[in-house]
Amino acid sequence: MASSRSRRPYLIRAIYQWALDNGYTPYLLVAADQPGVQVPRAFVREGRIALDIGPLAVRDLNLDTDPIFFSARFGGVAHDVLVPSGAVLALYARENGEGIVFGEPEAAPAALPGPPPDKPEPPKPGRPKLRVVKG
């Protein structure tokens, strides 16, 4: 029997929509130390980061794909954020704390073996992308 897809991305979209429909501010609690998570490390506390994903706080939010993607400003500096749904620990409304708690991170599905890509994709036209580079 084939394994089914994770329910986590579907639940994230549903709770996000519920929060907006009720006038709440949706927040993601993310395990920042999980593979594939790209967040500004200066804002990570004890391996976790809470992210306001309300429409006024983010740009280009995409909850329809995995990983979740958006751009946001942290300390006045724009950052692109990538969060695999398995790294989401909770999604809740800031105003009352209601939402869903997933608890532990969910392991990413194993990638199929294959040859590495020949070269990276060329940048797409549009807004420049910023990346945090540790020196």
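Sorted from fewest to most neighbouring beta carbons within 10 Å, what does the list 13, 7 look like?
By the 10 Å Cβ count, ascending: 7, 13.
How do 24, 10 line up, fewest other C-beta atoms within 10 Å first?
10, 24
Every read-out reported here was derived from the displayed coordinates using simple, explicitly stated rules and does not represent laboratory data. Treat the numbers as computed from the prediction; the structure is a model and nothing was measured. Because the Cβ atoms are built from the backbone with ideal geometry, glycine has one as well, and the counts that use them run over all protein chains shown.
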